[in-house]
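Working notes for the structure below.
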Number of protein chains: 2
Amino acid sequence: MARWEGNARGRLERAALDLFRDQGYDGTTVAQIAERANLTERSFYRWFADKREVLFADDDLAACYLPSIEAAPPRQAPLPTLLAAFASTPDVLRPREFVVERAAVIAASPPLQERELIKMVSLNRRLVAALTARGHDGQTAYLAVDVGSAILRLAIHRWTLGDDSDFAALLAAARQDLIAVAVT
Amino acid sequence: MARWEGNARGRLERAALDLFRDQGYDGTTVAQIAERANLTERSFYRWFADKREVLFADDDLAACYLPSIEAAPPRQAPLPTLLAAFASTPDVLRPREFVVERAAVIAASPPLQERELIKMVSLNRRLVAALTARGHDGQTAYLAVDVGSAILRLAIHRWTLGDDSDFAALLAAARQDLIAVAVT
């Protein structure tokens, strides 16, 4: 961490989001992002491999979820293990307004969408691996991650819509809704 | 359909798959694919927009599912509507051996993986739209498509492993497995 740059990463993310929104992803250069954040291009590349990376801090999600999965009680079923790990999601997400704007910018840009999907698949693979390491068979682990992801997505969606319930409660409600859809 | 070219599309797919497997996606040109299929590059572009497209006939999936969803009994719950549509999946899929090889080739190539993910998201969006057109609210439609996709993926996985059950039965079994994971 280069302290003297004062939240360089956050400033670069914010600058990139504003520029992508106002002039499009394709029309924005790394130089412009750095300039708007009052930093050098060199700083930019200290934090991000390329322009596409700037909106993706998803690695933090794995760093947040995986230790919790590893520490879960032995023989706990896979979905409760995932949901307990997901409960800390709001600690990793950016502020709500940023998440909403980010989603809109990504939806408008195929290259960003592709990157997001790849990141999601890679996160899911790590979750599946973490569950199989706990002794669940592959098909069950994969299914639990699919189910868990659907629950997480719905809970995040409601959170972005302004629902300020405890995130564990949002996950529990989304799980009940998923079960209702699955059994009906 | 250019009949005189005798299954040109299938031959191009097969040729592309062989070349991608043997010499990698990046190392293969459209000219090589056409040559191996005993066709011209011009023929290739009659069927596919670019090299990445050649393994993706997913539009056929939407063409197969959407009419079934539209024709479903009014007031039928969303998941049974999706699963009834998915039952015809094997009619659209290529032969099992092709599907298995294709999955391996895609997994080995990030550009192909990205294209597959984008296609999947786009198919899912059309499924969500088809369900909301039937009067289901957006969150329920989205959740049903997430749940339905997880069930479909597991059923296809078991089909590629050689399970020759009726596909509707594979879907029903996968649904029960999903419910077990969701409620445990």
Next on the checklist: Considering only segment A:38-50, I want to know if a residue exists there that is over 23 Å from the mean Cα position of the chain (by Cα), open to solvent by less than 50 Å² (accessible area, probe 1.4 Å) and without any contact (Cβ under 8 Å) to a residue 12 or more places away in the chain.
Outcome noted: no
Checklist entry - Which one of these is farther than 30 Å from A:Asp18 by Cβ, surrounded by 19 or more Cβ atoms within 10 Å (Cβ to Cβ) and within 14 Å of chain B (Cβ to nearest Cβ): A:Leu83, A:Leu112? => result A:Leu83
Item to check | Single condition B:Val92 does not satisfy, out of (1) closer than 17 Å to B:Arg21 by Cα; (2) touching a Cys at 6+ places or on another chain (Cβ under 8 Å) | outcome: (1)
Item to check | One residue from B:Phe98, B:Phe86 being aromatic (Phe, Trp, Tyr) and in contact with a helix residue (DSSP H, G or I) (Cβ under 6 Å, 6 or more places away or on another chain) | outcome: B:Phe86
Checklist entry - Out of (1) in the same structural domain as A:Asp164 (by TED's automatic domain parsing); (2) at pLDDT below 95; (3) in contact with a helix residue (DSSP H, G or I) (Cβ under 7 Å, 6 or more places away or on another chain), the odd one out for A:Ala108 is which? => result (3)
Checklist entry - Applying the selection to segment B:32-76, what residues are within 18 Å of B:Phe20 (Cα to Cα) and among the small types (Gly, Ala, Ser)? => result B:Ala34, B:Ala37, B:Ala49, B:Ala57
Checklist entry - Does B:Leu117 meet the test of being open to solvent by less than 70 Å² (accessible area, probe 1.4 Å), away from every other protein chain (no Cβ under 14 Å) and not polar (S, T, N, Q)? => result no
Next on the checklist: Going residue by residue through segment B:87-102, is there one that turns out to be open to solvent by less than 30 Å² (accessible area, probe 1.4 Å), under 25 Å from B:Glu13 (Cβ atoms) and at pLDDT 95 or above?
Outcome noted: no
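Conditions (1) touching a residue at least 60 places away in the same chain (Cβ under 8 Å); (2) in contact with a Lys or Arg (Cβ under 7 Å, 6 or more places away or on another chain); (3) of a type outside the set (Phe, Trp, Tyr), marked per residue:
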{"position": "B:Ala62", "(1), (2), (3)": "yes, yes, yes"}
{"position": "B:Leu66", "(1), (2), (3)": "yes, yes, yes"}
{"position": "B:Asp91", "(1), (2), (3)": "no, no, yes"}
{"position": "B:Arg96", "(1), (2), (3)": "yes, no, yes"}
{"position": "B:Val105", "(1), (2), (3)": "yes, yes, yes"}
{"position": "B:Ser109", "(1), (2), (3)": "yes, no, yes"}
{"position": "B:Leu112", "(1), (2), (3)": "yes, yes, yes"}
{"position": "B:Val121", "(1), (2), (3)": "no, no, yes"}
Next on the checklist: Residues that are open to solvent by 40 Å² or more (accessible area, probe 1.4 Å), away from chain B (no Cβ under 12 Å) and modelled with pLDDT of 95 or more: does segment A:164-171 have at least one?
Outcome noted: yes
Checklist entry - How many residues, within segment B:1-37, are surrounded by 14 or more Cβ atoms within 10 Å (Cβ to Cβ) and modelled with pLDDT of 90 or more? => result 20
Next on the checklist: When you scan segment B:141-161, do you find a residue that is open to solvent by 40 Å² or more (accessible area, probe 1.4 Å), free of Cβ contacts under 8 Å to residues at least 12 places away in the same chain and either over 30 Å from A:Pro110 (Cα atoms) or not assigned by TED's automatic domain parsing to the domain that holds B:Val99 (or both), even just one?
Outcome noted: yes
Checklist entry - When only residues in segment A:121-140 that are open to solvent by less than 50 Å² (accessible area, probe 1.4 Å) and facing chain B (nearest Cβ under 10 Å) count, which is nearest to A:Arg175 (Cα to Cα)? => result A:Thr140
Next on the checklist: A:Ile179 - would you say it is at the interface with chain B (Cβ under 10 Å from one of its Cβ atoms), of a type in the set (A, V, I, L, M, F, W, C), surrounded by 15 or more Cβ atoms within 10 Å (Cβ to Cβ) and without any contact (Cβ under 8 Å) to a residue 24 or more places away in the chain?
Outcome noted: yes
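The values are calculated or read from the model by the stated rules, or taken from the named source; none is laboratory data. Not measured: the values here are computed from a predicted model. All Cβ positions, glycine included, derive from the backbone under ideal geometry; neighbour counts span all protein chains shown. Surface accessibility is based on the protein's heavy atoms, side chains included, excluding ligands, DNA and RNA. Shrake-Rupley method; radii C 1.70, N 1.55, O 1.52, S 1.80 Å.
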